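Beneath this line is the structure, given in structure tokens, with notes to follow.
The values are calculated or read from the model by the stated rules, or taken from the named source; none is laboratory data. Everything quoted here is computed from the prediction, not taken from an experiment. A quick note on method: Cβ atoms are made from the backbone with ideal geometry, for glycine too, and the neighbour counts reach across all protein chains shown.
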Amino acid sequence: MATPAQLDRLRIVLVSARNPLNIGAAARAMSNFGFHHLRVVNPYEKAFREARSAVGASSVMENAEQFASVADAVEDCTLVVGTTAVRHRQLHHPLRRLEDGASLIRKRIRAASCVALLFGSEKFGLSNKDLSHCHWLMRIPTSDENISMNLGQAVAVCLYEIIRDAKTGRLPEKLPRAAAGDVERFTTKLLDVLHATGFLELRRVADAEERIRRLVRRLNLPARDAVIWLGIMQQTLWKIRTGDGARLVGHD
């Protein structure tokens with residue numbers, strides 16, 4: 001998981017943003033995902049710090065830095081990434097999909113490098129001059145019918161993708177898998193239940209048991225889950241055979 005120090009190396013740079021409410025929304029998204037460095041370049045509205053859309057992000061807005069040029073805003077960064085909707089413009093930079101770009105940004109901030117992520121104005125996006133400061137570009141794969149996103153939403157989507165890998169738990173992938181013997185014991189008990197309830201008799205297929213066995217293997221059960229499922233099948237079968245499970249098989 002990314003540490004606060006690593007997240008602190010990302011600078012969100014809004015270039016010529018026209019609506020202070022969008023700046024506030026971007027700050028709120030930053031606060032949601034644990035990022036703190038907001039930089040604005042020539043905002044259209046000077047009083048952007050008062051934006052009411054920055055709910056819960058007052059510290060981000062108060063500490064936002066204002067610059068007269070993109071060059072000044074990214075001076076301390078070793079990687080500068082621009083965002084673009086592409087449209088019909090001719091690009092002179094490598095263009096990466098959101099998930100690929102986010103992965104590269106994560107690697108840089110983990111390697112103790114400062115990264116700037118640039119967003120252009122709501123109306124025009126980043127100019128060619130702005131893009132000239134970038135190493136490569138990134139785009140959100142929006143629908144062709146409406147490719148332009150609201151500035152605050154675009155910031156939120158990009159930051160979520162950057163943080164997503166760090167926030168996604170890996171525990172299920174690391175759980176020890178059930179041994180073949182445990183899986184077979186569960187399968188056998190499951191087949192007993194299916195016979196007892198008449199399920200297999202209602203669906204007469206020559207290789208029914210083999211199909212059930214393959215189905216169970218596809219579940220790729222963790223060891224602890226196999227034990228629980230075996231207990232469930234044993235209890236279900238006991239209820240059926242003692243008569244207490246009449247309701248389980250559809251009888252009154």
Could you give me the residue pairs with C-beta distances under 9 Å whose first residue belongs to segment 14-26 and is in the same structural domain as His37 (by TED's automatic domain parsing), whose second residue is modelled with pLDDT of 90 or more and among the acidic types (Asp, Glu) wherever it lies, and which are 6+ apart or on separate chains?
-> Val15/Asp130; Ser16/Asp130
In segment 28-59, anything modelled with pLDDT of 90 or more and closer than 21 Å to Arg164 by Cα is listed as Arg28, Ala29, Met30, Ser31, Asn32, Phe33, Gly34, Phe35, His36, His37, Leu38
Subset of segment 201-229 (residues that are part of a loop (DSSP other than H, G, I, E, B) and at negative phi) = Arg203, Arg204, Val205, Ala206, Asp207, Leu219, Leu221
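To keep it simple, each residue is scored yes or no on (1) acidic (Asp, Glu); (2) in a loop (DSSP other than H, G, I, E, B); (3) over 16 Å from His92 (Cβ atoms); (4) modelled with pLDDT of 90 or more.
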| residue | (1), (2), (3), (4) |
| --- | --- |
| Arg108 | no, no, yes, yes |
| Leu117 | no, no, yes, yes |
| Lys123 | no, yes, yes, no |
| Cys134 | no, yes, no, yes |
| Leu137 | no, no, no, yes |
| Thr142 | no, yes, yes, no |
| Asn146 | no, yes, yes, no |
| Met149 | no, yes, yes, no |
| Gly152 | no, no, yes, yes |
Check on Glu99, among the charged types (D, E, K, R), surrounded by fewer than 21 Cβ atoms within 10 Å (Cβ to Cβ) and touching an Asp or Glu at 6+ places or on another chain (Cβ under 7 Å) | yes
Identify, by number, the condition in (1) modelled with pLDDT under 90; (2) more than 17 Å from the chain's Cα centre (by Cα); (3) closer than 21 Å to Arg28 by Cβ that Lys174 doesn't meet.
-> (3)
Within segment 181-214, which residues are in contact with a helix residue (DSSP H, G or I) (Cβ under 9 Å, 6 or more places away or on another chain) and among the aliphatic types (A, V, I, L, M)?
-> Val183, Leu190, Leu191, Val193, Leu194, Ala196, Leu200, Val205, Ala208, Ile212
Members of segment 116-145 that are closer than 8 Å to Gly82 by Cβ and either of a type in the set (S, T, N, Q) or in contact with a Gly (Cβ under 6 Å, 6 or more places away or on another chain) (or both) | Leu118, Leu126, Leu131, Cys134, Leu137, Met138
Could you please give the count of residues in segment 90-109 that are touching a residue at least 12 places away in the same chain (Cβ under 8 Å) and over 18 Å from the mean Cα position of the chain (by Cα)?
-> 6
Hey, among Ala116, Ala178, Ala208, Ala156, which residue is surrounded by 11 or more Cβ atoms within 10 Å (Cβ to Cβ), in the same structural domain as Thr242 (by TED's automatic domain parsing) and touching a residue at least 40 places away in the same chain (Cβ under 8 Å)?
-> Ala178
